[in-house]
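Participant: Attaching a single structure in structure tokens format; questions to follow.
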Amino acid sequence: MINRETSDYYDNGFGKEVDIREILSKYTKHWKWFLFSIFFFMCYGYVYLKLQIPRYKLETDILIRDEKGNRSGDQKDLLQQLNLNSSAKVIDNEIEILKSNTLMEKVVSSLGLQTSYYVQNRFSKIFQYKTLPFNVELLNASRRAYSKNWPINYLNDQQIEFNGKTVPLNYPVHTDAGLLIITSTKQKPQYHNIYVHFGSVEIMAESYIDRLQIEPVTKSSTVLKITLTDAIPQRGKDVLNKLVDVYNDAGIEDKNITTSNQLKFIEDRIVDISKELDSVEQNVQDYKSSNNIIDISSESGMFLSNVKDNDAELQKIKIQFGILNNLESYLHNNNYQIKMPSTLGVVDPTILGLVQQLGEAQLKREGLLRTIPETNPVVSSIDDEIKAIKETIEQTIQNVKSGLKINEDFLEKQSKKFNSIIKDVPSKERGLIDVMRKQEVKNSLFTYLLQKREETALALATTTADGRTVNAAKGGNFPVSPVRDTIYLIFFIMGLLIPALIIFLKDIFNFKISKRSDIEKLTDTPILAEISYAGNSSMEVFAVLRPRSMVSEQIRTLRTNLQFIGSENDIRVLLFTSNISGEGKSFVSLNLGASLAAIDKKVIILELDLRKPKLSASLGILSDTGISNYLIGKVDYKDIIRPIPQQANYFIIASGPVPPNPAELLSNGKIGVLIAELKKEFDYILLDAPPVGLVTDPQILSKWADATLFIVRHNYTIKNRIGLIDEFYRKKAFKNLNIIFNSIERGSSYGYGYDYGYGYGYYSEDKHKKGFLFNLWRAKRK
């Protein structure tokens with residue numbers, strides 16, 4: 001019996017290692033498919049590139065002014081006094097505003113981008129922008145206006161063909177698309193068969209927003225880089241430049257609204273104070289006339305001056321109380337639509353600072369509502385911030401009021417003191433002082449309001465945008481997509497991966513034995529030999545008819561390897577079986593017997609597949625009498641021995657008629673007697689048994705066999721069938737069990753590092769059709 005060292009003789013070597021060449025050979029043998037796949041995908045990539053519309057990248061840079069950080073101290077204080085909207089911009093908010101639908105829709109409408117034009121070539125569309133001799137404006141769309149592309153053809157300076165209908169230029173006309181007007185642009189016509197597509201402003205704005213990217217140049221920078229991809233470079237530049245203009249206009253408009261409200265308040269107050277001042281001056285004039293008063297003494301003048309100053313301060317405090325009360329009423333109202341009241345006259349810096357923060361928060365909220373709904377958590381966060389600021393302002397107002405109340409009480413005491421002194425003044429002079437004091441108070445307030453009106457009007461006239469263009473829109477010299485080299489690389493990789501994936505999946509889902517390592521992974525049963533695919537002539541005696549073929553040489557190798565099972569005297573009866581029919585056990589047994597007979601050994605083969613005999617029929621030998629007749633005692637074994645004509649010293653006993661009970665016949669003991677008698681006359685006895693996976697006949701015959709050769713066929717035997725062989729090997733159900741890997745197809749790599757069909761100087765006598773590349777090479781040689 002074969003020992004472990006002998007088993008290692010077969011198993012150790014390249015077959016147990018991870019052979020890179022073996023792995024690669026699974027793919028390289030299909031090189032034609034790889035070549036075809038790469039060629040196909042590269043052609044597909046070429047067509048794909050032709051169908052794609054080139055996209056160009058345009059960019060512009062704008063500076064968002066950081067007003068808090070860039071203003072000088074005097075200017076900052078002045079603008080705080082005027083209570084203008086001078087909050088520093090939050091970069092993230094400005095990015096959202098720039099990407100808002102409101103601004104982009106204005107850009108689309110201004111440039112007329114909702115209407116697009118293109119010329120159709122063989123592969124793709126060529127979009128046009130400001131290059132056509134006409135411009136189409138849809139005044140009233142029909143139901144079909146947006147559902148199709150409308151053909152349009154320029155005829156002459158007065159006529160256009162729209163959807164097959166001739167219409168005049170520069171006049172509104174009714175068409176299938178609706179009411180439209182086509183105006184002349186004085187451009188020279190370059191194309192015919194132009195198509196126009198009408199789209200909505202909203203959808204087109206969304207399209208541009210999706211292709212718009214805005215990000216700061218650095219984390220701490222207030223310079224924003226705005227990039228846009230577009231099929232037409234000039235159109236992309238116009239969109240970016242227009243977007244910056246619309247953004248700046250919107251910022252100026254927001255600022256002017258607040259400043260205009262402040263200016264209106266000041267003007268209304270000036271009108272009221274002017275009326276009050278006229279009334280007071282008339283009272284002074286009437287009093288002087290009625291009392292014949294021309295001048296007042298210098299002492300009275302000094303006293304009057306002090307009284308006036310005291311009354312002026314008291315009046316200012318009352319004005320501040322009124323402003324603070326208005327501010328408190330505004331704080332208690334949660335309607336954001338109501339404009340914030342003016343804080344003119346409030347001198348407390350804390351309140352001014354808090355009011356400025358409140359204004360900034362409300363502007364920030366209004367900016368966010370342009371892009372996100374009011375239910376968004378970000379808006380809620382801003383609302384909470386506004387609420388907190390309002391509460392702080394209310395507390396501060398109470399504190400300021402307390403301070404003003406103290407000042408008011410003090411001034412009231414001073415006023416009472418002055419009034420008691422005035423009692424000592426002559427009544428006429430005292431009356432004059434009263435009326436003149438009122439005149440001075442109204443006059444100083446009127447002068448103050450006039451000054452503030454001029455300052456506010458100046459601020460309104462000099463309002464600047466928050467953004468300043470650093471670099472106008474540029475770029476578009478070369479397309480950024482599709483990238484030709486990248487596309488070809490992707491399709492080249494696809495050309496490699498698709499067939500590789502198919503081969504890999506085919507290998508994964510292949511449940512049949514395809515290589516030697518598949519057997520070695522499933523069983524420790526030694527593999528005695530490998531035999532190549534013999535073609536359609538599977539039952540020929542290759543060892544005789546084709547002695548120089550690869551199969552014949554492998555049969556001789558098998559013959560030589562028999563010595564590793566045991567000595568010649570020990571191994572004389574060989575049992576051939578397999579899992580199922582068709583794995584080549586009859587072919588292997590027939591050719592091994594012929595090879596043994598070729599070295600002057602007397603060999604006989606017994607056709608023991610009593611159910612489906614094929615061997616004798618393939619050799620052209622009659623099977624009217626045979627083993628089945630011998631087993632029932634009808635004939636003597638010598639009468640059924642027949643020579644095989646193709647090889648000397650080679651004999652066969654045919655199966656004979658098919659019996660109804662083959663297993664019982666093989667178990668009656670006569671087969672053992674037959675083998676014992678044949679051993680006396682023959683050097684080797686080959687038992688061609690039926691498949692062990694179907695019947696029990698091989699196990700019955702195994703008791704008389706010195707060795708069992710189990711046939712496994714390449715790309716035929718199911719992998720899970722190897723488990724049965726391994727079970728036989730471990731349980732020693734068959735003596736000297738070995739595997740023969742049979743019918744390995746041409747080009748299938750195996751454990752010794754070469755492909756079947758190549759190597760060692762042997763040739764195949766089969767005539768194979770030469771490939772296309774070989775014929776092409778041979779034609780060149782000629």
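The values are calculated or read from the model by the stated rules, or taken from the named source; none is laboratory data. Nothing here was measured: the structure is a model prediction, and the numbers come from that model. Neighbour counts run over all protein chains shown; Cβ positions are idealised from the backbone, glycine included. Just so you know, the surface numbers come from the protein's heavy atoms only, side chains and all, with ligands and any DNA or RNA stripped out. Shrake-Rupley method; radii C 1.70, N 1.55, O 1.52, S 1.80 Å.
Participant: Which ³J(HN,Hα) values, rounded to whole Hz and listed in residue order, are derived for region 246-259 from phi using the Karplus coefficients 6.51, -1.76 and 1.60 in 6.51 cos²θ - 1.76 cosθ + 1.60 with θ = phi - 60°, glycine and proline given as x?
Facilitator: For region 246-259, the Karplus curve yields 5, 4, 5, 4, 5, x, 5, 4, 4, 5, 5, 4, 5, 5 Hz.
Participant: Can you compute 3J(HN,Hα) from phi for each residue in region 156-162, using the Karplus curve 6.51 cos²θ - 1.76 cosθ + 1.60 with θ = phi - 60°, rounded to whole Hz and x for Gly and Pro?
Facilitator: Once rounded to whole Hz, the list reads 7, 6, 10, 9, 9, 9, 10.
Participant: Quick check for me: using +1 on Lys/Arg Cβ and -1 on Asp/Glu Cβ, what's the dipole size of region 371-518 about its Cα centre, in debye to the nearest 20?
Facilitator: The calculated dipole for region 371-518 is roughly 160 debye.
Participant: While we're on this one: Provide the FRET efficiency to the nearest 0.05 for the I53-I209 pair, computing r from the beta carbons and using R0 = 22 Å.
Facilitator: So the FRET efficiency works out to roughly 0.70.
Participant: While we're looking at this one, here's another question. Enumerate the amide H contacts of G178 below 5 Å, restricted to partners 5 or more residues apart or on another chain; note that Pro and chain-start residues carry no placed amide H.
Facilitator: Close amide H contacts, sequence-distant or interchain: S142.
Participant: Out of T222, G199, S274, whose Cα points farthest toward the positive end of the dipole of region 174-299 (charges: +1 Lys, Arg; -1 Asp, Glu; placed on Cβ)?
Facilitator: Comparing the listed Cα positions along the dipole, G199 ranks first.
Participant: Before I look further, what does region 204-250 give for accessible area per residue, probe 1.4 Å, in whole square angstrom?
Facilitator: For region 204-250, the solvent-accessible area averages 43 Å² per residue.
Participant: Could I have the simple spin-label model distance between L694 and A472, label points 7 Å from Cα toward Cβ, reported in nm to one decimal?
Facilitator: Going by the 7 Å Cα→Cβ label model, 9.0 nm.
Participant: Further question: Please list the radius of gyration and Dmax for region 347-387, considering alpha-carbon atoms only, with Å as the unit.
Facilitator: Taking only Cα atoms of region 347-387, I get Rg and Dmax of 11.8, 38 Å.
Participant: Return the loop-located trypsin sites (Lys or Arg not before Pro) in region 131-210 (DSSP other than H, G, I, E, B) with at most 14 other Cβ atoms within 10 Å of their own Cβ; answer none if there are none.
Facilitator: Answer in residue order: R143, R144, K148, K186.
Participant: I've got another one for you. So for the pair N153, E681, with labels modelled 7 Å out along Cα→Cβ, what separation do we get in nm?
Facilitator: Each label point is offset 7 Å from its Cα along the Cβ direction, giving 10.0 nm.
Participant: Amide H of F651: which non-local residues (sequence gap of 5 or more, or other chain) have their own amide H closer than 5 Å, using H built in the peptide plane?
Facilitator: V603, I604, I605, I644
Participant: How large is the translational diffusion coefficient of region 475-608 in µm² per second when you combine the Kirkwood radius over alpha carbon pairs with Stokes-Einstein at 4 °C and 1.567 mPa s?
Facilitator: The Stokes-Einstein estimate is 67 µm²/s.
Participant: Using a 10 Å cut-off on Cβ atoms, rank the peptides 20-30, 55-65, 588-598 from the highest mean neighbour count down.
Facilitator: Result, highest mean Cβ count within 10 Å first: 588-598, 55-65, 20-30.
Participant: I need the calculated FRET efficiency for the pair I181 and L489, taking r as the beta carbon distance and R₀ as 41 Å, to the nearest 0.05.
Facilitator: Computed FRET efficiency for I181 and L489: 0.25.
Participant: Here is the link list: K106/K237; K318/K452; K387/K413; K275/K401; K512/K731. Which ones come out longer than 27 Å on Cα distance?
Facilitator: Going by Cα-Cα distance, K387/K413; K275/K401 fall outside the 27 Å limit.
Participant: Between T447 and E391, what is 0.36 nm times their sequence separation minus the Cα-Cα distance? Round to one decimal in nm.
Facilitator: Gain on stretching T447 to E391: 16.7 nm.
Participant: Show me 310-319, 482-491 ranked by packing, highest mean number of other Cβ atoms within 10 Å first.
Facilitator: Order by mean packing, descending: 310-319, 482-491.
Participant: Quick one: 3J(HN,Hα) in Hz for region 381-392, Karplus 6.51/-1.76/1.60 with θ = phi - 60°, rounded, Gly and Pro as x.
Facilitator: 4, 5, 4, 4, 5, 4, 4, 5, 5, 4, 4, 5
Participant: Multiply the residue separation of E454 and I502 by 0.36 nm, subtract the distance between their alpha-carbon atoms, and state the gained length in nm to one decimal.
Facilitator: 9.0 nm
Participant: Rounded, prolate or oblate: which fits region 176-324, taking a ≥ b ≥ c as square roots of the Cα gyration tensor eigenvalues, rounded meaning a/c under 1.5, else prolate when a/b beats b/c?
Facilitator: In terms of gyration-tensor shape, prolate.
Participant: Next up: In nm, to one decimal, how far is the modelled label at N334 from the one at D278, with both set 7 Å along Cα→Cβ?
Facilitator: 4.5 nm
Participant: Here's another thing I want to ask about it. Between K512 and Y44, what's the calculated FRET efficiency when r is the beta-carbon distance and R0 is 45 Å? Round to 0.05.
Facilitator: Result of the calculation: an efficiency of 0.85.
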